[in-house]
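Since the structure comes first, as structure tokens, the remarks are kept for the end.
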Amino acid sequence: MTTTVADLAGLLKEIPPGAWVAISEEKHAVVAYGADAQAVFNEAREKGEEMPLIVRVPDQATAMFL
């Protein structure tokens, strides 16, 4: 198993705090975001993302390790 570190700050800078975000694994881009994690996941799947990364934008600036 390998560990990858990714800086998501650039992708998440326009996303409101507390929102759930679906990130494309292949394109390294935000596919969908919103208040409900399941709805965000479903929207990403509808857009063709088989396994999007789902993360929640922190309410305040902090470091996150996934």
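The values are calculated or read from the model by the stated rules, or taken from the named source; none is laboratory data. Computed from a predicted model, the values in this text were never measured in an experiment. Neighbour counts are summed over all protein chains in view; Cβ atoms, including those assigned to glycine, are modelled from backbone coordinates with ideal geometry. Just so you know, the surface numbers come from the protein's heavy atoms only, side chains and all, with ligands and any DNA or RNA stripped out. Shrake-Rupley method; radii C 1.70, N 1.55, O 1.52, S 1.80 Å.
If we count every other residue with Cβ under 9 angstrom of G18's Cβ, Lys/Arg +1 and Asp/Glu -1, where does the sum land?
On the way: positive: R56; negative: D59.
Overall, the nearby charge balance is 0.
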Residues of the chain: accessible area per residue at 1.4 Å, in Å²?
77 Å²
Using helices alone, what [θ] at 222 nm do you get for the chain, with -39,500 (n - 2.57) per DSSP H run of 4 or more residues, divided over all residues and rounded to the nearest 500?
-5500 deg cm²/dmol
Charges at C-beta only: +1 for Lys and Arg, -1 for Asp and Glu. How large is the resulting dipole of the chain about its Cα centre, in Debye rounded to 20?
100 debye
Along the range 36-45, what does the Karplus equation 6.51 cos²θ - 1.76 cosθ + 1.60 (θ = phi - 60°) give for ³J(HN,Hα), rounded to whole Hz, x for Gly and Pro?
10, 4, 5, 5, 5, 4, 4, 4, 4, 4
Counting only protein heavy atoms and a 1.4 Å probe, tell me what percentage of the chain's accessible area is made up of carbon and sulfur.
54 percent
With bins of 10 Å, the percent of all Cα-Cα pairs of the chain per bin from 0 is 22, 54, 23, 1
